[in-house]
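Colleague: There's a structure below that I have some questions on.
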Amino acid sequence: MQKHLLLFLFVTFMLNKAASGQNLKAEITGKVTAEGEGVSFAAVGLKGTSYGTTADENGNFTIKNIPAGNYELLVNTVGFQPYQKRIGVGAEKLHLKIELQKATRQLQEVVVSGTMKETYVMQSPVHVEVYTPKLFQKNPTPSVFEALQMVNGVQPQLNCNVCNTGDIHINGMEGPYTMVTIDGMPIVSSLGSVYGLSGIPNSLIQRVEVVKGPASTLYGSEAVGGLINIITKSPKDAPLVSADLMATSHREFNADLAVKSELGNAQSLLGINAFTFQDRRDVNHDNFTDITLQERISVFNKWSFGRKENRLANLAARYLYEDRWGGEMQWQPEFRGGDSIYGESIYTKRLEVIGSYELPLPEKISLQFSYNNHRQNSAYGNLLYLANQHIAFAQLLWNKSLKRHEILVGLPFRYTFYDDNTPGTQKVNGNNQPQQLYLPGIFVQNEISLSEKLTSMPGIRFDYNSTHGGIFSPRLGFKFSPNNHNVFRLNAGNGYRVVNLFTEDHAALTGSREVVILENLKPERSWNASLNYQKFIDLNKGYLNVDGSLFYTYFTNRIMGDFLTDPNQIIYRNLQGYAISRGGTFNADWMFNFPLKLNAGTTLMEVYTVQNTGDKSDEKQPQLHAPKVSATYAVSYTFGKPGITVDYTGRLYGPMHLPVLENDFRSEKSPWFVQDNVQVTKKFKNHLEVYFGIKNLYNFLPENPLMRPFDPFDKHTGTDNPHGYTFDTTYNYAPMQGRRGFVGIRWQLQAK
């Protein structure tokens, strides 16, 4: 009896012990380091669970209320190799010391643009190029628009020599073919495409991701040529205070300021950008300002909210105001809109709101939303352009993992309201009729791991355009990785683009030409494909990362702006034929075993259209502003003891076709030219940097950017003008801004 009683008591004790173990809540603390220093803001979590956290500024972390058991610990952060370790959690507090190894290659960086979910560059079936602020700081600029000239295959193109507005070309495709997003939200489009990249504080940018080629399945219209996704810093990752002040010898002044704060379980990052340039310069003596005078203020505020199980909740807003003008040197505001002294004056007000919220559901479902309002009051000579645009966007995303499948389902909806004072928003009888467009849709993407080395990613999208009806956009991608040092990618898809001429082509709004639309324009369609190869080579305390891509796009129904038939008109029609964009790019990122780093890239391309005329004499018409050859380069050397870094950056432009007039005395092609820059940076203690340098080192300036600048209102074209020339602002291939010096200071205050 006693034996049975002892056995009963023993079994009862063990069962109670096991039960208490099931309810035991443990705690993990630790520090993430690399080369003896704490790694800030690393993501630390237990695989397959919702238990995780983010390390603080010094690398310390704590994960509480963990059930006892065995787990797989994962640690990830940009710039370091992923860390994985099997751990056992029991009754006692567990303290870990985690040493990370630096990722000496871009292949380990985290990207989201290619698949709409976080993944490593090496694992993404879509080739994504990642650029951090460190690259752009090698040649500091007051806006992201100018900074992107350092990216191979991406060309910021000025479209007007007077007001200096422009757009972004990817692989020779014009600005409307490039979608620009902020934190994945399509808020920089249509009317805002000219100004959306101005005034984003550089101190708030975490990285810029570039996808060249088809992205319409995930992002819809406008992503035919490629995608630029600007990812802003999370408030929890930012320093307490950061500042960047810069001035040039041309009296340009730019200031970036960011401040981090906390309120309860919410963290805020407030950024302010201010830029001013008020120096009337006329180097070529044509009585027109060389560079547009500007005053700009931009305020950006991003909030991150702490939630249970680390679910996502972010909200951000930005307000931009800009006053810019260019024109005759004697222009004053009282001449605005008149026909005596020529000037182009633009007032811009822009409001943007971005948000994301992960729903409290067992499945991983999130809501993304954005809204922007863009108001523009412009005077191009004596032509007034008044426009108001609202764009609202919402999207439900569902991520589901099923063995070898990573499924993404999206339900996007977009509403666009646009009104202006041009014929683009008028009925036949002349009454005003604002444009309203509803664009609901659905897309499905399935990333399938066929084997450890081969991944496929089919996808399909359907949008219903309230004007043009239903539009399908299929896509298929493959990634083959024979090992960690080689990656092959093949992507192909169908894209579409719905056009609003008056919001996309700034040349159509200048006072120098009349817009003529010959027909009811149809949506453009395209078939595109790209093949990419990446190779990583380990070197002794260094590395070489190279990649090359081939791209091909075939367009039908392309919207063509004819600048050549009539010097006083821009004539738009659907192309009765086809258009081709094809070529290749090559990039190299080389870190030597001494403090020298080289980034270089080149793009070879051919972009042209073929008009069907019914005979065999059809000829290629080259794309304007699309050089067949271009290259970028950045060389950096650091002198360790004095803490000085020297950066030499530049871009090579091959000849590009230009919009010349009939019997134009100017060349129809631009010359070969380079725009190089040099910078010296001195680092001090307490995160303080002082930098100075020279831009446009060889003082390159374009010739004759304006036609008949002495008669901008064409009042005297019949006098001493045998060729019938008229005032024109569209002949542009480089800014009229010569050599200039710059100096600046950067400072950060890190939390203790």
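The values are calculated or read from the model by the stated rules, or taken from the named source; none is laboratory data. What you see is a predicted model, and the numbers here were worked out from it, not measured in a lab. Positions of Cβ are generated from backbone atoms using ideal geometry, with glycine treated the same way; all protein chains shown enter the neighbour counts.
Colleague: Checking the structure you have, find out if any residue of the stretch 710-724 is under 21 Å from H625 (Cβ atoms) and modelled with pLDDT of 90 or more.
Modeller: no
Colleague: Quick check on the stretch 123-149: of everything there that is of a type in the set (D, E, K, R) and over 11 Å from the mean Cα position of the chain (by Cα), which residue is nearest to L450 (Cα to Cα)?
Modeller: Here the residue is K134.
Colleague: Hey, another quick one. Can you confirm whether A55 is under 27 Å from P239 (Cβ atoms) and in contact (Cβ under 8 Å) with a residue 12 or more places away in the chain?
Modeller: For A55, the condition - under 27 Å from P239 (Cβ atoms) and in contact (Cβ under 8 Å) with a residue 12 or more places away in the chain - is met.
Matching residues to (1) of a type in the set (G, A, S); (2) part of a strand (DSSP E or B); (3) touching a Pro at 6+ places or on another chain (Cβ under 8 Å); (4) within 27 Å of I365 (Cβ to Cβ):
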site	(1), (2), (3), (4)
A247	yes, yes, no, no
V259	no, yes, no, no
E262	no, yes, no, no
S268	yes, yes, yes, yes
A274	yes, yes, no, no
R280	no, no, no, no
V299	no, yes, no, no
S304	yes, yes, yes, yes
A316	yes, yes, no, yes
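Colleague: Any idea which of S242, S189, S198, S193 is of a type in the set (G, A, S) and either farther than 26 Å from D419 by Cα or modelled with pLDDT of 85 or more (or both)?
Modeller: The match here is S242.
Colleague: While we're on this one: Within the bounds of the stretch 653-662, is there any residue that is surrounded by fewer than 16 Cβ atoms within 10 Å (Cβ to Cβ) and hydrophobic (A, V, I, L, M, F, W, C)?
Modeller: No, that holds for no residue.
Colleague: I need the strands (runs of 3 or more DSSP E) fully contained in the stretch 578-667, keeping only those with at least 1 residues that are hydroxyl-bearing (S, T, Y).
Modeller: 596-611, 629-639, 644-653
Colleague: Can you list the strands (runs of 3 or more DSSP E) lying wholly within the stretch 417-511 that have 3 or more residues being within 30 Å of G166 (Cα to Cα) and modelled with pLDDT under 85?
Modeller: Hits in the stretch 417-511: 486-497.
Colleague: Also, quick follow-up: So, in the stretch 314-346, of the ones that are of a type in the set (D, E) and buried (at least 18 other Cβ atoms within 10 Å of the Cβ), which residue ends up nearest to N382 (Cα to Cα)?
Modeller: Here is the first cut: in the stretch 314-346, the ones of a type in the set (D, E) are 322-323, 328, 334, 339, 344.
Now drop any that are not buried (at least 18 other Cβ atoms within 10 Å of the Cβ), which leaves 322, 328, 344.
Working: E322: 21, E328: 13, E344: 9 Å.
Filtering the stretch 314-346 for residues that are of a type in the set (D, E) and buried (at least 18 other Cβ atoms within 10 Å of the Cβ), the one nearest to N382 (Cα to Cα) comes out as E344.
Colleague: Right, here's the next one. Under the condition of being in contact with a Gly (Cβ under 8 Å, 6 or more places away or on another chain) and in a loop (DSSP other than H, G, I, E, B), which residue from the stretch 698-741 is surrounded by the most Cβ atoms within 10 Å (Cβ to Cβ)? Spell out the reasoning first.
Modeller: Filtering the stretch 698-741 for residues in contact with a Gly (Cβ under 8 Å, 6 or more places away or on another chain) gives 699-701, 712-713, 717, 741.
Cutting the leftovers down to in a loop (DSSP other than H, G, I, E, B) gives us 699-701, 712-713, 717.
Numbers: N699: 13, F700: 17, L701: 16, P712: 27, F713: 16, T717: 15.
Filtering the stretch 698-741 for residues that are in contact with a Gly (Cβ under 8 Å, 6 or more places away or on another chain) and in a loop (DSSP other than H, G, I, E, B), the one surrounded by the most Cβ atoms within 10 Å (Cβ to Cβ) comes out as P712.
Colleague: Still on this structure, please answer the following. Quick check, is T416 surrounded by 15 or more Cβ atoms within 10 Å (Cβ to Cβ), farther than 30 Å from P709 by Cβ and in the same structural domain as W325 (by TED's automatic domain parsing)?
Modeller: Numbers: surrounded by 15 or more Cβ atoms within 10 Å (Cβ to Cβ): yes; farther than 30 Å from P709 by Cβ: yes; in the same structural domain as W325 (by TED's automatic domain parsing): yes.
Yes; evaluated as a whole, the condition is true for this residue.
Colleague: In addition: Please work out if L218 is crowded, with 22+ Cβ neighbours inside 10 Å, in a helix (DSSP H, G or I), aliphatic (A, V, I, L, M) and at pLDDT below 85. Break it down into steps so the answer makes sense when it comes.
Modeller: Numbers: crowded, with 22+ Cβ neighbours inside 10 Å: yes; in a helix (DSSP H, G or I): yes; aliphatic (A, V, I, L, M): yes; at pLDDT below 85: yes.
Answer is yes for this residue.
Colleague: Another question about this same structure. How about the stretch 38-71: which of its residues are under 12 Å from A26 (Cβ atoms) and of a type in the set (F, W, Y)?
Modeller: Within the stretch 38-71, Y51, Y71 meet the criteria.
Colleague: May I ask you to list the residues in the stretch 292-312 that are over 30 Å from G738 (Cα atoms) and among the basic types (K, R)?
Modeller: Within the stretch 292-312, K302, R307, K308, R311 meet the criteria.
Colleague: In addition: Using beta carbons and a limit of 9 Å, which pairs, at least six apart or on different chains, have the first residue in the stretch 281-295 and in the same structural domain as N704 (by TED's automatic domain parsing) and the second one among the hydroxyl-bearing types (S, T, Y) and outside any loop (DSSP other than H, G, I, E, B)?
Modeller: If the second residue must be among the hydroxyl-bearing types (S, T, Y) and outside any loop (DSSP other than H, G, I, E, B), the pairs left are L293/T276; Q294/T276; E295/T276; E295/Y321.
Colleague: Hey, another quick one. For the stretch 625-648, state whether one or more residues are more than 30 Å from S340 (Cα to Cα) and out of contact with any strand residue (DSSP E or B) (no Cβ under 8 Å at 6 or more places or on another chain).
Modeller: yes
Colleague: Then there is this: Restricting attention to the stretch 705-723, does a residue exist that is in contact with a strand residue (DSSP E or B) (Cβ under 6 Å, 6 or more places away or on another chain), free of Cβ contacts under 8 Å to residues at least 60 places away in the same chain and not hydroxyl-bearing (S, T, Y)?
Modeller: yes
Colleague: Still on this structure: Can you pull out the residues in the stretch 122-161 that are assigned to a loop (DSSP other than H, G, I, E, B) and touching a Leu at 6+ places or on another chain (Cβ under 8 Å)?
Modeller: Hits for the stretch 122-161 are S143, N161.
Colleague: Any residue at all in the stretch 553-574 that is touching a strand residue (DSSP E or B) at 6+ places or on another chain (Cβ under 8 Å), crowded, with 16+ Cβ neighbours inside 10 Å, within 30 Å of T638 (Cβ to Cβ) and at pLDDT 80 or above?
Modeller: no
Colleague: Moving on. Is it the case, given these coordinates, that V259 is of a type in the set (V, I, T) and over 23 Å from M185 (Cα atoms)?
Modeller: Working: of a type in the set (V, I, T): yes; over 23 Å from M185 (Cα atoms): yes.
Spelling it out, V259 is indeed of a type in the set (V, I, T) and over 23 Å from M185 (Cα atoms).
Colleague: I want to confirm something. Restricting to the stretch 160-190 and keeping residues that are on the phi > 0 side of the Ramachandran plot and within 11 Å of the chain's Cα centre (by Cα), which single residue is surrounded by the fewest Cβ atoms within 10 Å (Cβ to Cβ)?
Modeller: Of everything passing the filter in the stretch 160-190, D183 is surrounded by the fewest Cβ atoms within 10 Å (Cβ to Cβ).
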